[in-house]
Each structure stands twice: as structure tokens, then as C-alpha cells.
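Read the structure below first, then the notes.
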Amino acid sequence: MPKNHNKTIAVSGFTLIELIVSLVLLGIVVSIAGMGIVSGLNVFQASRENIHISQTASLALSRIHRELQEMVDVIGFESDDSSYIIFDTSSGKRQAIGNHDASIFLITQLGSTVETLVESDYRNARKIIGGVGRFRLEFNSGYTDGAAVEWDPNVHALEQLSTVKTEIGIKRSLTGLSDLSIHLITHPRNINSYGGASPAAVDTGSLEGPYCFIRHADPLHQFQIWPPALVMAVGCLLSFLCQPIPRKKLTHEKSGSVLIGVLAAMLLFSALGAALIQMVGSSSFGQAGVSLTTKTYYLAESGYRYAASQFLRAASKSEELGKLTELNGSDYQLSNQNLKFHLDVFAYFFVVNGDVTAGSTSMVTNVYGGLPPGLNDLYTTSPDGDNGFIFIDGIGSREYTSVSWNKAGEGQNHSGKLTFNFDSGLPNIQANTDISFALKTGGATQTLNRNGDLIYDPANNMAALFPDRNAEISVGGHVYTYSRIDRVNNKLIGVTDPKDVNMPSRQVQASTAIQLRNFVQLHSRGVYGSEADNPIVAREIRYYIPLPPSDASGEEKEFHERFDNDGLPAWNVLEGYGGPSDPQHQVESIDGDNALRVKSTDLAPATQAIESLITLKWDDPLVDMNLSDSLKFSGGFLSYNAQVKIGFQRDTRRPGHEFEEDDTDFPKYYGAGITFRLDPIDPGNLLAEGYNSYGISFLRANMFNGLESDPPGPYEYYDNIKDQLVPMYDDAGTGEEVDMNNENIIVLWSAKPGNNFNWMAYKKISKNIYMLEDADYGNWILAGDWSPTFNSYNNSTMHWYSGSTTTGTLTSPDIDLSIDRAGNALDDIGRPALEFLTYNRTLSSEKQIQIWDKTTNPAEKWDDLYSLDSNNTSGKWIIRRIDLNDYHDKTIKIRFKYTHQSGGEGWYIDDVRINWSWPVHNSGLLISVKEAASVAFENGQYEIYDGDIIIGGTSGATARVNGPAILKSGTWGDTTTPAEGILTITNLKPTSSTFNDGESIFVLGQSLAATVKTGGFRARDNFLKAYYGSQAGFGIANSDPLDSERLAYPRNPSALEWPGKDERRWAAEKDFFRLIQWDAVNNTDFVANSFSAIMTKDDISLINPVDYPRTIVRSNTWVTDPDTFPELVIKTNKASLNRPELGLHTFGKGSTSVYFDDFGLNALFQADPKITTPPIQE
């Protein structure tokens, strides 16, 4: 058969088109692959650099964080690009961290006096990290109104340093990228920080950038290749291009399209490979490893936190003590078998094992936890084999003769017993009483200053039983901390009050007991690895921890009511005379801020007194000021401070009300203020049934029917204010009538049911612009025989005298009544008046006060202001007051003109001044209510301070001093004129105890301090002080609480201001109030006249501290006593209070033109017993 020559012939080559396409695609593949490889290499290089940076920075920041966290004091710092910080460590060394030569160094060998760094300090320093482009330190003291408050050591105390923010800029030399900025925020833990909000957290978004090791998942950085969607699109395109090319009469067994398909596959895999390189690189540098040392550090930290949580969760003192023993010597394994921590707890206090009867000469105590390291030999026998000192809680220091350790006596929840032996018998001591070791101060009186040193007596080597650092001590009942103990020089270093950044200086007598308060040392050891591992990595941290005392000290709490809630949920709102639809009070916006507006009163204005009253729900969670708790904390005595601002807005709804002037909102008659010790007869019908209370008010009233010639009241329909609130009496000394009708006054009053109100004390309020003359200035012009003199009629100061037989004048310099001493305008704030002291021993002589209005009459022109015609037969200097309101914006001169006619001795003048009536509108009124027992003392040898624990020498009574001693005469420690005064005291033990006449008063742990005067103990009184301030301020603020010059205290302040307990610490920057010196009190010092009765049922006294006379009113009319208030229960340290206690009131026709704002309540409560001085670690 012939061969078929028409068969298909196999193709063995490529067409030109196929070759061209292949070459093009190959070029594309090579380009893309190259891009991927280059990108991957860049990523790898950047990743490697970031891994190195992250690991290096992690170690460096960890070290910086640890050093700053554990420092105990900041000595000096710089915050620029060459930042450094010099600080003291818990071990007493001075170190520094600083930036030098593009590196950060830790300097561990600084002299103890170094306060700034120089270049030579870096020579032997340890480099923490190199390649640093920037190093900054930022110190913050909390966070206010959205901004960090910079900590300034010249302004803030160390305890107010809340955070240190560290910023490091690390150079990236391999990639040439910008510096990598890393931030670190550290909370120092060893400075007793008061805390405060941290600086704003660093937003990681601000750290974005290529290969940032904090934020490494950036989808937009410059080295990233096309996203997978683009790769898929290329794949689809190539799939289309790779379709076979049809060839006529050819089979598909051999085709160039195969090559194209292979190339396409190569392209896809190249793209995917490049992407994978990026992914692998991106994840690699995110795996910054943490060193094993760091792991063990945090394991040790975990051990401390676990121990703290176990202790703080304990439900009772016995459970707390048991936890100390349970934790001691324990290992705790984490779920990862290679991680664990070990705890050792060493207690520096003991607890009495059982009741000790009086006369016993030995005392057995339980030891909880372990014995402190290195002290076993000292516990086995007494220190130095001799006697020593312990402090018995509630009793004081005692000297023991020997001590023995009984390990065999260990119980289930304690590790053993210590038995102390004594030469003399002990008093009764209850089981579970705390016992601690004690030192004695050195042999001389010391002045203890903030962060100062306290020298102790090294006898008996008792200092060996005190912790090395960060312990709390009690000296004379005051709690302090010390930074560390110097056993070489026998002193406690860095002693300070942990609760008072403005700790005052105090005198400490020789041989005063220094009590070590409850303290533990915790050793926490973090361990990584198992016994089979070689090596095991471990890190131990030691914590020095003052424990919370069982009698936790007090802390102040505050309630600030801005009246921003329309529903007034914190208040009990009463109905007005219009019924339920007529509430007495509601919230209104006044001058841009909300306030509490008085809308109605209890009765319609008619022929009777009217008032409004709103009471505080102090036990409401919104207020969070449960006064029962404060009562309990003080052992059944209730004290607090309350304040409010009082303003006026004309009530146009009620015609007929009189106002001071037609164009003002100031009512002619008004009364408004704070009611306290409020106890209603019927809380549901409070005003109708009456109530027991005190009150303090701004007041202007009139007892007469418009005319002073009218007979006395009750003419309450004229001003609708109770007549008994207006002081009007005859002075017992001069016989002159005192009349406060139509005067702006502050009045302290008391109320009883049956409409029985009485004023207790009053103050006529005015501004002392400046004293023009007190005869010491010598800036007046004298004519005739006017001359300075002294010692006339019991006036020992210099004063002016004229006895001329001719006319003589005493002329003032120019007086500008438009501005105050500081140059502030005095527009619309009140009425100016001339006041002076006069003593005239004349017969028919003519005595005139004249004025020259220089603004109106530039040429000299004198007008008569006032004439004195009568002779003074009282034998006393008399105050005269002359209104100058017609000259309130003028420049004037004043002169006293004396024309002698016949007989008499002459005319005496002193203390000439211009007073300006107080601007009551929007002024603040504050009452300080201190309820306390009291002891009048004499022979004061050692100064007794607020917070001291005092003990009666024969009675054995103990009490805590509440506030500074009220010194009435003498000087502490002066044997010729020793101190004499009054101590206000609370927390009496036993609660029914008294201090006996003539017995010695000892301060706990110290020698004789004073002696009780005969009849000196009083069981319960209210000690009342009052203050007032203004919205605009006046003059130049200063450290005098009695003068009229103040800082402005406007409505809606960012924070309320409170005067401190001790006026001796008054400071210009806190000069917002004026302490009231009362003009008179309503007691037997005054004679009743036909207009005013004396309060015969009240025990009222005016206390006169030597530095601030006439400032304290003592009264026991209304006290929180079980005999007065049956609902009050004081038993086994439990107390409850069931009455309104506080309210805001108004009196009279002007009531509905009154509003209140910025009510504040401040009281002392028991501090959280779980909070104490923070631990430090090393």
C-alpha cells in the first residue's frame, strides 16, 4: 500500500510572535521579582534593625523605669535635649540618669552633695543605650482640665510628683529613616506619692511609621508591595494572554503556549514570594524578646501583689495576722511549671497573747510571720543582753529587763512567742493589744522639720530592731515616716508627715518615745526554670511596708453643691405658703451660673416674722457625707465646716418690698445664712412646730415701725424679721446704748421651739481701707498745741492731744475714696465711714470734725461733718462713726478742730480710719463647728499640738487633742510666764473619763506638759469660729487672718477654699476669708435694756486666744449628747445621728430676693484602714 504523505508533521520550533511575547513577559517577571526581592531585603534589613532597637530599648527602658520607679527623692533635673535626673535610691545612694554624647548613662557613683551633673560625672558611668538622638524627661503633678500639670520642685512637694514621662529618640542608621521615638511613663512608688491623674496615654497612632516596633502593622508604609488584589488582577490578565494560538492544520501536542503558561506561573509565584517575604519580615521584628531577668522581675512583682491582695481581703485583724504567717516561707507555682515566686514575710510588731492583769511583771506576745533577717540573736535575748523599750498601744512606752523567744510555742496562725519581763508591775492590758519596739530621742530638745533628721539615743542598741527604711513612727501621738535609719550617726533621716505637705516645725523634748508602728518586710523572689534546668534564673525584690494601723487616722471629705441639678436631690424642699405648687426653693440661672433661688416663705408677709428653710440630705449617696461616720470616728463628737455664698436678685413678683436703692437688687431688710445643729420637733412640719438649732446670718433689720421714737417691738411686720435677732443693749462698762438696727451685721444665734430666737454674738461688717493715723505715723498736720502723747487713760499707744486755750487743728493727708490701698476701684461696694477713738475731758469747749471735698472744691473749703458737745464721763475711750457716703468717689481731707472755751482737760484722738461697708452681695459665709471636751491648763512646759495623745497623771484618762491649743497667755516652756489656755479634746478613753483638777497632763511618750486648772475639765461644748469673704476681694492679700484685705472668692470656683485649723499657718496665697472678731456676745457682760433680753438659759462665752482675741464662741446649748438627743447612741465605738443637722435659711421681706450658691461641707472621717504609707522596694 502506498504511504500517506498527507499526515500531520510535528512542529519543533517557536514562532517569532511567541518569542517576542515570551521575552516581554520574562522582562515583566524579572522586574516584578526584582522589586519583590529589593522590597523584601529592605524589609528584612529594617526588621533586623527594629528587632535590635526594640530589644536594646526594652532593656534600657526597663532599667530606666525600675530606677525611676524605685527612687526615694529627686535632687535635681534638666528637661531639655540634654536631660538628666539626679535622685536618691532606697539604699541611700545618690545616682543619676543622663544623656551625654548620643548615649544614655546610669551614674551610680555620685557624691552625697551633688545636685547638678557635669561632664566628668559621665567618665565612670554605665552606658544604658547608645545611638540616641533625643532624650527628654517630663515631670507631672497630676492632670487638670485636660492638661498635664508640670511638677515644679519649687512649688510642689515631692509627694505631688505623680509621673515621670521619658521620651527617647533612637537613630536608625541602617535604613536612614527618622529617629524612632519611644515613650515611657513611670509612676514613682517610693516617694509616698499622693497620686493624681497620669499624663494622657500615648496614642500609638502618633508613633506610626515604617517598621515601628510598637505599631508594626502599618498597611501604607513606603516599602510595601502591591496588595493581593493587584496580584490577582495580573494573574487574570496573564491567564487571558496564555490562551493557545490556533494554527491551521497543526495539532496542539506541541505549542509555545506551554512556555507562556510556565512564565505566567513563574510571575504569580514571584509576586506571592515577594509578598511572603514582606509578611515574614513584618512579623519578625514584632517578636521582640523579653529577657529572662525581666521575667523574674515581674514574677517577683506578682508575688508582692498577691501578698497585698491576700492581706487587704482579710475580713478581720486576726485574719490579717494569720495571713502574715501563712504567706511566710511559701512557694506559689504558676500554670507554667517553669514560673513561680517565693515569699518571706518578717513582722516588726507583736500582739499580746492574753489579758494581762494589773501588777504582772511579764507579758507574752505572739509573733506573726517570720523574725526579721539578722535579728534572731537580738530576739533570743534582749539587745546587748540588757534592757530595752517597747511601746504598748494605748498605754505608752515601757522599759523591759529581758525578753525570751519560744519557738516551741508556735500556734496555728503565728510562728512563735516573745515573753517580755519587767521590774515594775504592768497595768491591765487586753489581749490582742499591739506591741512594738521603741527608741528614745536624744538628750536635748530638737526642732523637727519636714524632711529633717531626728536624733535618737543609741542606748540598748534598740535601733537594730527598727527597719532600715520607709517605716512609720509615732512621736507624741503624731505619725511620721522616715526615709532611712543612720545607725552610725544615730538618727532617722528624712522624717516627714505623710499626710501634710506643709508639715509645720515641731519641738520634740529630750527622751521622747519614738514608737515604731506596725511594719513588715516582704521578700519576693521570682524564679524562672525548674530544678533540672541549668541555670535557674531568679530575682529577689525586698519591700518595706508600713501596715495600716487598727485606729486609722482621719481624712477630710468634702461636698460641693453647685446647684446644677434642677430636682435638688440632695435637699429637702419645703412648701411655701402657697401650698404644694409653691416650693420655697428652686434652681435658677442667675448671671450665667445656676443658683438656689428662694421663691417663697412659710407665711405670707403680714404682721408676723417669716422665714424659709431648706435642709441637707447629708446621708444621701449623692452627698456622700454620712455624718454618723464622722461622729463615730471622733468618739461621739461631731465637728465640721460649712460655707455658702449669698447673693441678691430683686423679686419683681412681690411688690412692696423695700430695697436699698431703686436701681439695686439689694433689699433694705434681709437675713440669710446657714442653720446648723438643726433638730426639728416635727421634721414633717419643721417651721410650724419649731426646732432647736444654731444659725449664722448676714442680717440687716429694724425693730421699730420706721421711726426710732416708736416704742420697742414686736414690730416684726415692718421687716418681717424676729426682733430677738437684732443686738440692742446697754454696754455694761460705758453704760452707752448699743443699737444694731439698720446695720449690716453677721449674727450668730440660737433657736428653740415656740418662736424663741436669741442672738448670741454679732459683728458689724465693714472694710478697713487703711488706717489714716494711729499717732505712730506722724503724717498729719498739727496746728495749735495738738501733739502726740501716750499713756493717757489706759491707752499705752501713741495718740493725739490738744488742751489749747486757742483754736487748734489736726489735719489728715489726702484721702482718695475711689480706690483701695492696692489701687482697686471701690465702685458699688458699700458705704464709706469715718471712725475714730475719742476721749474728751472738756466742759463747754467746741469740738468739730470737718471735711474738705477737694474734688468738688480745689480751693480750700471746710464743711462741718460732726460736733462733739458732751463731756465723756465713762472713763473709757469711745468709738465714733460718721457716714461719708456723699463723698464715696471723692478725694477729701479730714480735720479735727478744737476750740477751748472754759474748764476741762482737753481732747484726745486715736486710731482714725476709713471703713467701707462690706459688699454682702455674693459674699461667702463660713462657720467652723468644733464639738469637743476641753481641759483648761496652766504651767504649760512642753507645747501640745493638734493630734497629740494626752494622758492624765492621776486619772489615767486619755484623749486626742483636736486642733491647736487655745493659748490665752504666757509662752510654752517659759518658767516665768508659762503657757495657759484650753485644750479641745476628743476620743476620750474611757468615754466617761474626766481629767482631775490639778493633775499633770502628759503627752503620750513624753514628760510633763502642763497642769489641769481647777474646774478645768468640761465634758462637751461647741467651739464656734466664723469667716467671711467677698467675690471681688480687697486690697493686698497677706498672712493676717484678721484684717480686711483678701483674695477674690467669686461664685463657681474650680474648688472650694477652706481656712485651716491653725491661724498661725495662714498664708497670703490662701487668704480668701476674714476671721471674725466678735463685737459682743449675749451674756452677763451686758445689761439688758427695754429693747433686748439676755439669754439666761445658754452657757455662752467668748474665748480670747492671745494671738487672735474675740474669735471663738463657746456654747453648749445644742450638742450631740445622749442626754440632749436621745436618738444619738454612743456605745462600743458605734454612733448614729438622726436629724437634718444642716440647712440654709432666710428671714424677712427680703427673703425672695435671696439666692444661694456654692454650698460646701467639710468634715473628718475615718480614713480607709487599708490605705497607709506606700511601700518602697529595692
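Evaluate the range 89-110: report whether one residue or more is at pLDDT below 75, over 30 Å from Asp486 (Cβ atoms) and not in a loop (DSSP other than H, G, I, E, B).
no
Look at Glu167 and say whether it is within 23 Å of Ile97 (Cβ to Cβ), at pLDDT below 80 and not in a loop (DSSP other than H, G, I, E, B).
On the way: within 23 Å of Ile97 (Cβ to Cβ): yes; at pLDDT below 80: no; not in a loop (DSSP other than H, G, I, E, B): yes.
No; evaluated as a whole, the condition is false for this residue.
When the range 586-610 is examined, which residues are found to be in a loop (DSSP other than H, G, I, E, B) and of a type in the set (Gly, Ala, Ser)?
Residues of the range 586-610 in a loop (DSSP other than H, G, I, E, B): 591-592, 599-610.
Across the range 586-610, the qualifying residues are Gly592, Ser600, Ala604, Ala606, Ala609.
Quick grid of which residues meet (1) surrounded by 16 or more Cβ atoms within 10 Å (Cβ to Cβ); (2) farther than 16 Å from Asn366 by Cβ; (3) not assigned by TED's automatic domain parsing to the domain that holds Ser397:
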site: Arg313; (1), (2), (3): no, yes, no
site: Ser318; (1), (2), (3): no, no, no
site: Leu321; (1), (2), (3): yes, no, no
site: Thr325; (1), (2), (3): yes, no, no
site: Asn328; (1), (2), (3): yes, no, no
site: Gln333; (1), (2), (3): no, yes, no
site: Phe341; (1), (2), (3): yes, yes, no
site: Phe346; (1), (2), (3): yes, no, no
site: Val351; (1), (2), (3): yes, no, no
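Looking only at residues that are modelled with pLDDT under 70 and assigned to a strand (DSSP E or B) in the range 379-410, which one is surrounded by the fewest Cβ atoms within 10 Å (Cβ to Cβ)?
Residue satisfying both the conditions and the ranking: Asn406.
Got a sec? Which strands (runs of 3 or more DSSP E) wholly within the range 937-1041 have at least 3 residues that are in the same structural domain as Ile696 (by TED's automatic domain parsing) and buried (at least 18 other Cβ atoms within 10 Å of the Cβ)? Can you show your working first?
Working: elements: 949-952, 958-961, 966-969, 979-989, 1000-1003, 1008-1029.
Correct list: empty, since no element meets the threshold.
Which condition from (1) modelled with pLDDT under 85; (2) under 30 Å from Leu1047 (Cβ atoms) is the one that Leu834 breaks?
(1)
Does Glu689 fit the bill of being within 29 Å of Tyr1049 (Cβ to Cβ) and either modelled with pLDDT of 80 or more or out of contact with any helix residue (DSSP H, G or I) (no Cβ under 7 Å at 6 or more places or on another chain) (or both)? I'd like the intermediate steps shown before the answer.
Values: within 29 Å of Tyr1049 (Cβ to Cβ): no; either modelled with pLDDT of 80 or more or out of contact with any helix residue (DSSP H, G or I) (no Cβ under 7 Å at 6 or more places or on another chain) (or both): yes.
So Glu689 fails the test.
Go through (1) surrounded by fewer than 18 Cβ atoms within 10 Å (Cβ to Cβ); (2) hydrophobic (A, V, I, L, M, F, W, C); (3) modelled with pLDDT of 80 or more for Val74 and report which single condition fails.
Going through the list (1) surrounded by fewer than 18 Cβ atoms within 10 Å (Cβ to Cβ); (2) hydrophobic (A, V, I, L, M, F, W, C); (3) modelled with pLDDT of 80 or more, Val74 breaks only (1).
If you scan the range 1040-1083, which residues turn out to be under 16 Å from Tyr1108 (Cα atoms) and without any contact (Cβ under 8 Å) to a residue 24 or more places away in the chain?
Listed by number, the list holds a single entry, Gly1060.
When you scan the range 1017-1029, do you find a residue that is within 14 Å of Asn939 (Cβ to Cβ) and basic (Lys, Arg), even just one? Even if it seems obvious, please write down each step before you answer.
Going residue by residue through the range 1017-1029, those that are within 14 Å of Asn939 (Cβ to Cβ) are none.
So far as the range 1017-1029 goes, no, none of its residues is within 14 Å of Asn939 (Cβ to Cβ) and basic (Lys, Arg).
Could you list all residues from the range 444-478 that are part of a strand (DSSP E or B) and either small (Gly, Ala, Ser) or not assigned by TED's automatic domain parsing to the domain that holds Thr512 (or both)? Steps first, answer last, please.
Residues of the range 444-478 part of a strand (DSSP E or B): 446-448, 452-456, 469-475, 478.
Passing the criteria: Gly452, Ala471, Ser474.
For the range 280-309, give me each residue that is touching a helix residue (DSSP H, G or I) at 6+ places or on another chain (Cβ under 9 Å), at pLDDT below 85 and assigned to a helix (DSSP H, G or I).
Val280, Gly281, Ser282, Ser283, Ser284, Thr293, Thr294, Tyr297, listed by residue number.
Per-residue answers, yes or no, for (1) at positive phi; (2) of a type outside the set (A, V, I, L, M, F, W, C); (3) touching a residue at least 60 places away in the same chain (Cβ under 8 Å); (4) touching an Asp or Glu at 6+ places or on another chain (Cβ under 6 Å):
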site: Gly442; (1), (2), (3), (4): no, yes, yes, yes
site: Leu448; (1), (2), (3), (4): no, no, yes, no
site: Asn461; (1), (2), (3), (4): yes, yes, yes, yes
site: His478; (1), (2), (3), (4): no, yes, yes, no
site: Asn490; (1), (2), (3), (4): yes, yes, no, no
site: Met503; (1), (2), (3), (4): no, no, no, yes
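Which residue pairs have Cβ atoms closer than 8 Å, lie 6 or more positions apart in sequence or on different chains, and pair a first residue in the range 64-81 that is closer than 20 Å to Val114 by Cα with a second residue that is assigned to a helix (DSSP H, G or I)?
Between residues of the range 64-81 that are closer than 20 Å to Val114 by Cα and residues that are assigned to a helix (DSSP H, G or I), the close pairs are Asp73/Leu158; Val74/Leu158.
Here are Leu638, Leu613: which of them is modelled with pLDDT of 80 or more, assigned to a strand (DSSP E or B) and either touching a helix residue (DSSP H, G or I) at 6+ places or on another chain (Cβ under 7 Å) or outside the structural domain of Leu748 (by TED's automatic domain parsing) (or both)? Full working, then the answer.
Numbers: Leu638 fails: assigned to a strand (DSSP E or B).
After ruling out the rest, the residue left standing is Leu613.
I need the full set of residues from the range 117-164 which are of a type outside the set (A, V, I, L, M, F, W, C), more than 29 Å from Glu1069 (Cβ to Cβ) and exposed (fewer than 13 other Cβ atoms within 10 Å of the Cβ), in order please.
So the first thing to find is which residues in the range 117-164 are of a type outside the set (A, V, I, L, M, F, W, C), and the list is 119-124, 126-127, 130-131, 133-134, 136, 138, 140-146, 150, 152-154, 156, 159-160, 162-163.
Going one step further and asking which of them are more than 29 Å from Glu1069 (Cβ to Cβ), we end up with 119-124, 126-127, 130-131, 133-134, 136.
Residues satisfying the conditions are Glu119, Ser120, Arg123, Asn124, Arg126.
I need the full set of residues from the range 951-962 which are over 19 Å from Ser474 (Cβ atoms) and touching a Gly at 6+ places or on another chain (Cβ under 9 Å), in order please. Step through it out loud before you land on a result.
Start the filter on the range 951-962 by keeping residues that are over 19 Å from Ser474 (Cβ atoms), which leaves 952-957.
Thr954 - this is the single residue of the range 951-962 that is over 19 Å from Ser474 (Cβ atoms) and touching a Gly at 6+ places or on another chain (Cβ under 9 Å).
Has the range 581-596 got at least one residue that is assigned by TED's automatic domain parsing to the domain that holds Gly695, modelled with pLDDT under 90 and out of contact with any Gly (no Cβ under 6 Å at 6 or more places or on another chain)?
Yes; the residues of the range 581-596 include at least one that is assigned by TED's automatic domain parsing to the domain that holds Gly695, modelled with pLDDT under 90 and out of contact with any Gly (no Cβ under 6 Å at 6 or more places or on another chain).
Mind listing just one residue for me: the one in the range 915-936 that is modelled with pLDDT under 85 and not in a loop (DSSP other than H, G, I, E, B) and, of those, surrounded by the fewest Cβ atoms within 10 Å (Cβ to Cβ)?
Ser917
For (1) of a type outside the set (A, V, I, L, M, F, W, C); (2) crowded, with 19+ Cβ neighbours inside 10 Å; (3) at pLDDT below 85; (4) in contact with a Leu (Cβ under 6 Å, 6 or more places away or on another chain), each residue gets a yes or a no:
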position: Ser424; (1), (2), (3), (4): yes, no, yes, no
position: Asn428; (1), (2), (3), (4): yes, no, yes, no
position: Ile435; (1), (2), (3), (4): no, yes, no, no
position: Asp457; (1), (2), (3), (4): yes, no, no, no
position: Gly476; (1), (2), (3), (4): yes, yes, yes, no
position: Ser483; (1), (2), (3), (4): yes, yes, no, no
position: Arg487; (1), (2), (3), (4): yes, no, no, no
position: Thr496; (1), (2), (3), (4): yes, yes, no, no
position: Ile514; (1), (2), (3), (4): no, yes, no, yes
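Name, by its number, the condition in (1) touching a helix residue (DSSP H, G or I) at 6+ places or on another chain (Cβ under 9 Å); (2) at pLDDT below 90 that does not hold for Asp624.
(1)
Evaluate the range 3-16: report whether one residue or more is at pLDDT 75 or above and farther than 30 Å from Ser173 by Cα. Outline the logic, then answer.
As a first pass, look at the range 3-16 and keep what is at pLDDT 75 or above: 15-16.
Narrowing further to those that are farther than 30 Å from Ser173 by Cα: 15-16.
There is at least one residue in the range 3-16 that is at pLDDT 75 or above and farther than 30 Å from Ser173 by Cα.
The values are calculated or read from the model by the stated rules, or taken from the named source; none is laboratory data. Everything quoted here is computed from the prediction, not taken from an experiment. Cβ sites come from the backbone with ideal geometry, for glycine too, and all protein chains shown count toward neighbours.
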